[in-house]
Amino acid sequence: MFRLIFLGTSASAPSAHRGLPAMVVAVDEHRYLVDCGEGTQRQILRSGIGFKRLNKILLTHGHLDHILGLGGLVSSFASWEEELDELDIWAGKPTLERVERLLYGVVLDYDNLEVVIRLHELSPGIIESHRGFSVSAVSVVHRGAGCYGFIFKEHDHRPFLADRAEALGIPHGEERRTLIEGHRITLANGRVVEPDEVLGETESGAKIAVIGDTGQTANLLEAVQDATVLVIEATFLQRDEEIAKRFGHLTAARAAQLAKDANVGTLILTHISRRYHEREVRDEARAIFPNTIVARDLEQYQVKRNSGLSRLTDAVAETSD
């Protein structure tokens, strides 16, 4: 099960109700901060999720509205040894170079640093793989080199059929765990039980695609195919498509068309410009892809394998957008 926490949903500059880009993807004991716009520290506090275990940061690209909050956040982490003693940051090479200048040239006293910071240069492919899920990077076309989106994928699994296990007399404990892991067992009466006897058909795991800023969608179709949830920008409306192309951004309509073409479950739009009312963005997208949500700051959702997306909390303050 994934949990999505939207910390900042504005484009380029904050509005009265929207902070700069940042969100958290949480699964099991792991928490990933995707982008870190100015003001992210305060949004973390307002969200109630706290700072513990928030030691993995994924940066989509190096524009200041997506990274400027790192200075304050890492400075705080550096002085909270009891909260955090190591931090991993993943980004494309140009972004890492900018982050390194920000952190070590301005914010941190490297010689007296209490927290271990590791900078990882991204390339397309798996970043981390854990027992229940993996995180992958995908190349994104925005302005400049080294832009990325991220795919969080729950591993496929075969459900354990407890009724069959009971009928076969398989005791609870180690024997059942062994079968779930795909290995045969031998019962006390000498009967050999194969995993196929107690495991159901393979079920696909939940898939979250977090793309961030992008000016193209054709290159993303395969990566986001069949995603349970697609989180992507909608900085412009279709009436301003030429401006969107000039600055390497999407319209709400183009984001919706990607969701439709890729058989996405739910589309969540973010990176919302102050020039539009929220309902305009929502309505343009829903005309193409009805199952569309426009994210608001401090909203939280959970994503489960079989039931899809559900809202956990509303935004703290209703927007007037």
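The values are calculated or read from the model by the stated rules, or taken from the named source; none is laboratory data. What you are looking at is a predicted structure, and each value in this text was computed from that prediction instead of being measured. All Cβ positions, even for glycine, are placed from backbone atoms using ideal geometry, and neighbour counts span all protein chains on display.
For segment 166-178, the condition holds for at least one residue, the condition being that it is farther than 30 Å from L33 by Cα, touching a residue at least 24 places away in the same chain (Cβ under 8 Å) and not assigned by TED's automatic domain parsing to the domain that holds E97. Of the residues making up segment 145-160, those that are surrounded by 15 or more Cβ atoms within 10 Å (Cβ to Cβ) and either without any contact (Cβ under 8 Å) to a residue 24 or more places away in the chain or not in a strand (DSSP E or B) (or both) are G146, C147, R158. The residues listed here are T270, T292; of these, the one that is within 22 Å of R42 (Cα to Cα) and out of contact with any Gly (no Cβ under 7 Å at 6 or more places or on another chain) is T270. Applying a threshold of 9 Å to beta carbon distances and a minimum spacing of six or more residues, or different chains, the list of pairs starting in segment 203-225 at a residue that is farther than 23 Å from S310 by Cβ and assigned by TED's automatic domain parsing to the domain that holds D35 and ending at one that is modelled with pLDDT under 95 and surrounded by fewer than 23 Cβ atoms within 10 Å (Cβ to Cβ) reads D213/R143; G215/R143. A single entry from L33, L45, L70, L84 fulfils the requirement of being touching a Cys at 6+ places or on another chain (Cβ under 6 Å) and in the same structural domain as K153 (by TED's automatic domain parsing): L70.
Within segment 120-144, restricting attention to residues that are hydrophobic (A, V, I, L, M, F, W, C) and surrounded by fewer than 17 Cβ atoms within 10 Å (Cβ to Cβ), the residue that is farthest from S204 (Cα to Cα) is V141.
Taking the criterion of being in a helix (DSSP H, G or I) and of a type outside the set (A, V, I, L, M, F, W, C), the residues of segment 162-187 that qualify are D163, R164, E166, E174, E175, R176, R177, T178.
Taking the options G190, G169, G173, G149, name whichever one is farther than 26 Å from E201 by Cα, small (G, A, S) and modelled with pLDDT under 95. The unique qualifying residue is G190.
Taking the listed residues L20, L58, L73, the one that is modelled with pLDDT under 95 and either surrounded by 19 or more Cβ atoms within 10 Å (Cβ to Cβ) or under 17 Å from A295 (Cα atoms) (or both) is L73, with no other qualifying. The residue list E194, E203, E166 contains one member that is among the charged types (D, E, K, R) and under 27 Å from the mean Cα position of the chain (by Cα), which is E203. Scanning segment 190-220 for residues being surrounded by fewer than 12 Cβ atoms within 10 Å (Cβ to Cβ) and over 17 Å from L179 (Cα atoms) gives a total of 1. Is it fair to say D35 is touching a residue at least 24 places away in the same chain (Cβ under 8 Å), touching a Pro at 6+ places or on another chain (Cβ under 7 Å) and either under 21 Å from R3 (Cα atoms) or loosely packed, with under 15 Cβ neighbours inside 10 Å (or both)? So D35 fits the description; yes. Where strands (runs of 3 or more DSSP E) fall wholly inside segment 28-144, the ranges with 3 or more residues that are farther than 25 Å from H17 by Cβ are 86-91, 116-121, 125-129, 133-139.
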